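Inspection log for the structure reproduced underneath, given as structure tokens.
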Amino acid sequence: MGSTIPVAAILLLLGGFIVTGGIGAGWTWSPAWSSAEFPGSELVPILVVFGTLLGAWSAGKAKEGFGAEGRQAGAYYLIGSVVFAMLAVLALLIAFIVTNGLQTMLTGTSLFGGQFTVPFVGVGLPWPEFPFLMNQTGGLYVEIPGVLPAVIGTLWLVFGAVSFTVPLGIGAAVFLTEYAERGRFTQVVEIATNGLWSTPSIVFGLFGLAFLVPRISGGNSIVVGQLVLGFMLLPLVLITSREAILAVPDAHRDASAALGVTKWQTIRSVVLPAAMPGTITGVILGVGRIAGETAPLLLVFGGSPYPSNTPNVLTSFTLTAQPPFVTNEALLSPASALPYQLYSTITAGVFPKEIFTNTEFGWGTALVLLLVVVGLYAIGVGSRLYFRRKLHHE
Amino acid sequence: MSETESRNSTAQPEQRVTTTGESSEEVREEWTDYEFAGDAKIAAEDLDVYYGEEKALQSVSLDVPDESVTALIGPSGCGKSTFLRCLNRMNDRIKSASVDGSVTLDGEEIYSDGVNLVELRKRVGMVFQEPNPFPKSIKDNISYGPRKHGDLDTGLLARLLGRDDTDEEHELVERALRRAALWEEVNDRLDDNALGLSGGQQQRLCIARCLAVDPDVILMDEPASALDPIATAKIEDLIEELAEEYAVVVVTHNMQQAARISDQTAVFLTGGELVEYGETDQIFEHPRSQRVEDYITGKFG
């Protein structure tokens, strides 16, 4: 009771002032002891936020009749409003990006405006058209510049990084949990992986620039970008799959051993499938991070800010008689990725086409990046659900 | 069980008297010397087990006959599970455990260096206290062992070459499930996840999984202690049936259960000693050791 009455008094006073117009957007508080000025347009929202938290807390107390029950309810309301605040921040962020970027992304879009020619038959069918998603960024004949090279670049980066990191990370996790003796060595590895995970990405980028670029491609390239992002992803995959493998009950290992099944077969057929959902969670988190990573890409990956062609990785493999026998020109060339495209567009001086300003194009790119990351998440969550359902009776 | 416990608590003052008398009692050789017709399926000779510094089994010698149920009883911490886990070398999986002595299976030493653990555990199957089916389908649980041993090939390559063993797999799954008295209950949902079965069904599935490998000996570590009375009764019936073909060794802390299902009983007492071993009726009706009598009548333990 004691704490709710002063709160109520403060709130009444505050509400009274605001409603009667005593303090408002136009009012300024300039205290005598300082030269700083506090304009009402900033002061009022801050006061309202604190007032709301205080109000929620004491309303909770009052509702459950004070005492221990009331304190419990007060804490519950306070924590609940914190959760809502967090959700509000997230919603604000997404809404802001969508409202700013949607106009750009939908420029020239039509549901049946495009044409799709059926292969071998040659009949044209009406087809949806998304110029911002399907067009090149630069080039002479592009009317509505798009982000296709950046989307493809991002997908190649993620694919390359994941495809060499996941086997390495899971392999190392299996070794550390199933084969290595718990001791000094595994502790050192654990500390090292945690340290690697918290290393700033620009440091990875610098390493790539100084060590990988001269040895592999001699300039910015997709493959170095994949490697650098893969190195960043590796510790997370290792940590999460290690946790997931440790969480598999020993009863499964005992049961398998008692049937006369070897350790490696047990790991392959019982332990790893059971650890799959946890591992996938780790990969999803990691992919979310590397898909939006910009700093290392600036150093080792990015090419022209307005690329006029999409990296054509699949068809550029060529066989040679000398080592390394297989080369891929596209993998060894620089490209664009969505975060890199966003950065280079908004820092560039003038946008080459008149249809968008730099900022508009940037917002569109940001929205596409958001959608790509959400799409990758959806793939990950879907596969995790699939494996969970296979493992458990649901 | 609860009956013994309550009797145990009422016998508190007496217990102190018997415990003092008990520690002075020496184990006589004829108490553990059990004669039976035929060769021993498993013979343990002077088996010592240490967990680090602690001695868990003290020089245990015990012969297990074929095609019968051998019950190992005793208070908790008496080494009965430890002894059981020596018979298929599952103790090798515990890093701090060291085993000294000899165990022979059909006359062959299993603690020599050249022994193939995979072959040994194929011949000596094990069922655990908690039902532990794999998080796979019922069918995959049964065919897991034979598949891993290469007895069944249902891989893609075999299927393409027309040499897959899908029919054999079906037969094997049905045979194992029938043998474990589970077929009637699950034959319409063999592809469902095994974790959806009840506890008793899961335990019978684990027995079926063990039978699918076609062992000679089945070790059971308190197989019914996590189950309700009805499921326990089913498991007990099953154990008696299995004894027609296999040597079954069952660890149990339930003396009534041991009396019901076993042909011979070994009593372990605190400190990892084998105190008495003989025909079940004789052990429960005329125990030769005073300590065993006290334990069976519920005066301590």
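The values are calculated or read from the model by the stated rules, or taken from the named source; none is laboratory data. All of these numbers come straight from a predicted model, not from anything done at the bench. Don't worry about glycine lacking a Cβ; one is built from the backbone with ideal geometry, like all the others, and counts go over all protein chains shown. Heads up: the accessible areas ignore ligands, DNA and RNA and are worked out on the full protein's heavy atoms, side chains in. Shrake-Rupley method; radii C 1.70, N 1.55, O 1.52, S 1.80 Å.
One table, with the values for the structure above:
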item	result
Options A:GLY101, A:GLY139, A:GLY122, A:GLY153; residue that is at positive phi and touching a residue at least 60 places away in the same chain (Cβ under 8 Å)	A:GLY139
Candidate set from the stretch A:194-243 (those that are surrounded by fewer than 21 Cβ atoms within 10 Å (Cβ to Cβ) and of a type in the set (S, T, N, Q)); member that is farthest from the chain's Cα centre (by Cα)	A:SER217
Some residue of the stretch B:99-118 being assigned to a strand (DSSP E or B), touching a residue at least 60 places away in the same chain (Cβ under 8 Å) and either more than 14 Å from chain A (Cβ to nearest Cβ) or within 30 Å of B:GLU184 (Cα to Cα) (or both)	yes
Subset of the stretch A:254-280 [closer than 15 Å to A:GLY171 by Cα and among the charged types (D, E, K, R)]	A:LYS263, A:ARG268
Unmet requirement for B:GLU244, which otherwise passes all of (1) in contact (Cβ under 8 Å) with a residue 40 or more places away in the chain; (2) within 24 Å of B:ARG89 (Cα to Cα); (3) in a loop (DSSP other than H, G, I, E, B)	(2)
Qualifying residue in the stretch B:175-184 (condition: within 30 Å of B:ASP228 (Cβ to Cβ), surrounded by 14 or more Cβ atoms within 10 Å (Cβ to Cβ), within 14 Å of chain A (Cβ to nearest Cβ) and in contact (Cβ under 8 Å) with a residue 24 or more places away in the chain)	yes
Residue that is nearest to B:VAL99 (Cα to Cα), among those in the stretch B:119-158 that are within 11 Å of another protein chain (Cβ to nearest Cβ) and among the basic types (Lys, Arg)	B:ARG121
In the stretch A:377-387, the residues that are open to solvent by 40 Å² or more (accessible area, probe 1.4 Å) and within 17 Å of A:LEU157 (Cβ to Cβ)	A:TYR377, A:ILE379
Some residue of the stretch B:250-267 being under 23 Å from B:LYS122 (Cα atoms), touching a residue at least 40 places away in the same chain (Cβ under 8 Å) and not in a loop (DSSP other than H, G, I, E, B)	yes
Residue ID - nearest to the other protein chains (Cβ to nearest Cβ), chosen from residues in the stretch A:279-303 that are surrounded by fewer than 22 Cβ atoms within 10 Å (Cβ to Cβ) and not β-branched (Val, Ile, Thr)	A:LEU285
Long-range neighbours under 6 Å by Cβ, at least six apart or interchain, first residue within 14 Å of chain B (Cβ to nearest Cβ) within the stretch A:369-394, second not in a helix (DSSP H, G or I)	A:LEU391/B:PRO135; A:HIS393/B:ASN193
Sole exception among (1) small (Gly, Ala, Ser); (2) surrounded by fewer than 20 Cβ atoms within 10 Å (Cβ to Cβ); (3) at pLDDT 85 or above for A:SER316, by number	(3)
Residue check, A:ALA247 modelled with pLDDT of 90 or more and facing chain B (nearest Cβ under 8 Å)	no
Helices (runs of 4 or more DSSP H) enclosed by the stretch A:1-108 - at least 1 residues per element that are open to solvent by 70 Å² or more (accessible area, probe 1.4 Å) and under 30 Å from A:PRO128 (Cβ atoms)	A:67-105
Which numbered condition A:TYR340 fails, given (1) under 28 Å from A:LEU209 (Cα atoms); (2) without any contact (Cβ under 8 Å) to a residue 24 or more places away in the chain	(2)
Qualifying residues in the stretch A:253-265 (those that are in a helix (DSSP H, G or I) and either away from chain B (no Cβ under 14 Å) or open to solvent by 10 Å² or more (accessible area, probe 1.4 Å) (or both)) - the one nearest to A:VAL203 (Cα to Cα)	A:TRP264
Which numbered condition A:ALA150 misses (of (1) assigned to a loop (DSSP other than H, G, I, E, B); (2) of a type outside the set (Val, Ile, Thr); (3) open to solvent by less than 10 Å² (accessible area, probe 1.4 Å))	(1)
Members of the stretch A:348-368 that are open to solvent by 30 Å² or more (accessible area, probe 1.4 Å) and touching a residue at least 60 places away in the same chain (Cβ under 8 Å)	A:PRO352, A:LYS353, A:ILE355, A:GLU360, A:TRP363
Pick from the stretch B:186-203, criterion assigned to a loop (DSSP other than H, G, I, E, B) and more than 12 Å from every other protein chain (Cβ to nearest Cβ), ranking: nearest to B:ALA243 (Cα to Cα)	B:ASN187
Enumeration of residues in the stretch B:204-241 that are of a type in the set (A, V, I, L, M), assigned to a helix (DSSP H, G or I) and surrounded by fewer than 21 Cβ atoms within 10 Å (Cβ to Cβ)	B:ILE230, B:ALA231, B:ALA233
From B:GLU169, B:GLU109, residue being closer than 28 Å to B:GLY272 by Cβ and in contact with a Ser or Thr (Cβ under 9 Å, 6 or more places away or on another chain)	B:GLU109
Unmet criterion (only one of (1) in a helix (DSSP H, G or I); (2) out of contact with any Ser or Thr (no Cβ under 6 Å at 6 or more places or on another chain); (3) modelled with pLDDT of 85 or more; (4) surrounded by fewer than 21 Cβ atoms within 10 Å (Cβ to Cβ)) for A:LEU176	(2)
